[in-house]
Amino acid sequence: MDKAPRRVFINDIDTFTSKCIVKCLSKHTLEADGSAEKESGTSKSSDTGSQSYKVVGTISDVSEEIINYVLEAYIRPSRENILQKLMECDIIIYNITQHPEQVEEARWAVTALHDEKHNFQKQKTFILISTVMTWACSEPINSDELELPFTDDDFRRRKPHPNFQKHLELEKMVAKIGKMDRALFSTYVVVSGLQYGAGEQIFHLFFKMSWLGQENEIPVFGEGNNIVPTIHVSDLASVIKKTIEHQPKPYYLVAVDYSNNTMEDIVKPIRMCVLGPPAVGKSSVSQQICNHYKLHHIKLNETISETISHLEFTVKNTPSDAENEESTSVIEAQELLNIVKDNMEQNGGFLDDQVLVKVITDNLMSNPCKNQGFVLDGFPKTYDQAKELFHVDEHESDERASISSYNKKIMPEFVLYLDASDSFLKDRVINLSEKLVQEHKYEHEHFLQILAKYRDKNMEEESVVSYFEELDINPLLIEITSLNTPDNQLLMHTICERVGKPRNYSQYNQNAQEEGSKPIETVEKAKREQKEIEEARQRSAHWEMWTKTLDEKRQWEMQQLEVLSMPMKTYLLEHIITTLSQGLIACGSAWPEDPIDFLAEYLIKNNP
């Protein structure tokens, strides 16, 4: 037997956090109802603890998106009306993480309920969603180990940020009220880390600034090394649901994830390096990654060509009477341009490692790559190149030396290593177009030479893969056996599982923020659903038209049949029915042994 739906009140159901909790409980309701239908006639659904909810709450304005998930929504009700609604609910959830005025309303609500508890028909549960900012000024557990995390047991010694003193006072009040009579009125305080996901809220500005690229740097408080306690808003919603279902003994819960990220980690973009032997498909995979995550594709030949073009443009288009700073930049551009051209002449059109690393580093340190992220395609190729590219000289300025022995600003977060058998690579080169063969210099003998050289380099103890492994950046190794579409999709799925969801900001995000922090996936889903609804409407219109036509045709056919049947009907009434009636009367008077035979002979004798 299924449990009866529980009525849940949530304040401000159209705000970022509350909206996600509403959707989580509504989704759980649908799943519980669905399992109940499938398990009809069994006790399995009750054993699994399935529970459905009737969600109600306050709302600032009518929102079709959220109205679909709730039973009732109250637009700016009076406190008298709110209290009446609270008394009808089993669970009351107050979220005070987003607006200061929520604190006072939550204080009034828990106090009013406590005063009315003698009128409760059954137990009620009050859940306060507070913020981790009530811990912001707490002293570290161990002054020697500042990274040790706080735990639930440390809540008595917590100290809030000055702006969140009222939040702390409310937490204490809610906890105290819950201790008085838990069997009748239980209370919980769920302290939430900074919430992210579902279109973002607090981190939205950072992502927007990064992607638009209108600022030279993203504002990070302090050095950006502070660990920021966070939680995905969907995970917070799950914590609330579990609290409702299991009623845990601890009344004070800290809801944070295990990400352990610094402020700098949170606001930086995705950085990736794709490595592998020649002709394995690094560029095509890199481009797919860039398209999916909206990153910059850094290819060696294009980067070198673009650098030369940019330097030439800077030198030619800067006025001779430019100010000191511009004059200095022109001189530096001219010097670098001379170095690059001279180096290419001396090396048969190639750059040696030192100059090549300089060109790549300048590109990776540009604002677009720093703010929006990049995929470094096929570079570095050797251990020495990797060390030269990412290493920071310890004798440089204190500012750079403090970054440690490698440059964190351009060090890849993810390294993808594609590999394939030599026979596969040879077959792929054979099937390439003549244009691509010439472009990549994959003529048969030359390709075999560079492939053998690559294998030799990666058989050494110090390879480019071992460089990243030494820094605890474990490459994702993928064996390429086919380049057909299904395998390619599987490859991208594997990559996305490792890297995670896109972190970029786009026009979709901006529109989503204005519409209520919908993520890109939600916007696209809404578009698909709208398209499906429109198609369904068209199908329904066609069906109604077809049904109407069919009904009209059937009615016409009935009329035609009735017209055609009139002569036969007249004949039967005038001749057959009269004789048949007389025969039945005669049969009734004679009572013959065989009535059917008697009637047949009568009709033959008296046939009109």
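For the pair Gln559 and Lys426, label points projected 7 Å from Cα toward Cβ lie 8.3 nm apart.
For the cross-link pairs Lys85/Lys249; Lys54/Lys122; Lys299/Lys381; Lys294/Lys316; Lys23/Lys241, which exceed 22 Å when the distance is taken from alpha carbon to alpha carbon? Before the final figure, lay out each step's value.
Details: Lys85/Lys249 27 Å; Lys54/Lys122 17 Å; Lys299/Lys381 13 Å; Lys294/Lys316 32 Å; Lys23/Lys241 11 Å.
From Lys85/Lys249; Lys54/Lys122; Lys299/Lys381; Lys294/Lys316; Lys23/Lys241, over 22 Å: Lys85/Lys249; Lys294/Lys316.
I want the local charge near Thr307. Using Cβ-Cβ distances under 10 Å, sum +1 for each Lys or Arg and -1 for each Asp or Glu among the other residues. Mind dumping the intermediate values first?
On the way: positive: Lys358; negative: Glu302, Glu306, Glu312, Asp362.
Charge balance in the 10 Å sphere: -3.
Amide H to amide H distances under 5 Å link Glu413 with Arg271, Met272, where only residues 5 or more positions off or on other chains count and H is placed in the peptide plane. Once all protein chains are placed together, His310 keeps about 120 Å² accessible to a 1.4 angstrom probe. Listed values for region 586-592 are Karplus-derived 3J(HN,Hα) couplings in whole Hz (6.51 cos²θ - 1.76 cosθ + 1.60, θ = phi - 60°), namely 5, 5, x, 7, 7, 6, x, and x replaces Gly and Pro. Taking 0.36 nm per residue of separation and subtracting the Cα-Cα distance, full extension of the segment from Thr494 to Lys569 would add 19.2 nm. Of the solvent-accessible surface of region 91-144, computed with a 1.4 Å probe and all protein chains present, 46% belongs to carbon and sulfur.
Carbon-plus-sulfur fraction of the accessible area of region 432-499, 1.4 Å probe, in percent? It would help to have the intermediate numbers written out before the result.
Numbers: 2410 of 4740 Å².
It is 51 percent, rounded to a whole number.
Model label points for Glu593 and His444, set 7 angstrom from Cα along the Cα-to-Cβ axis, are 10.9 nm apart.
The label-point distance for Arg76 and Gln346, in a model that sets each label 7 Å from Cα toward Cβ, rounds to 7.5 nm. Close amide-amide hydrogen proximity is noted between Tyr53 and Arg6, Thr29, each under 5 Å apart and 5 or more residues distant or on a separate chain (H modeled in the peptide plane; Pro and chain starts excluded). Using the Cβ-Cβ distance between Ile585 and Asp551 with R0 = 41 Å, the FRET efficiency computed as 1/(1 + (r/R0)^6) comes to roughly 0.40. Protection proxy ranking, highest mean first, for peptides 493-500, 279-286, 84-91, 475-482: 279-286, 84-91, 475-482, 493-500, where packing is the per-residue count of other beta-carbon atoms within 10 Å, averaged. FRET efficiency for the pair Lys166 and Ser366, taken as 1/(1 + (r/R0)^6) with r the Cβ-Cβ distance and R0 = 45 Å, rounds to 0.50.
The values are calculated or read from the model by the stated rules, or taken from the named source; none is laboratory data. Keep in mind the model is a prediction, meaning the values are calculated, not measured. Glycine also receives a Cβ, built like all others from the backbone with ideal geometry; neighbour counts cover every protein chain displayed. For the accessible areas, the whole protein counts, side chains as well, though only heavy atoms, and no ligand, DNA or RNA atoms are used. Shrake-Rupley method; radii C 1.70, N 1.55, O 1.52, S 1.80 Å.
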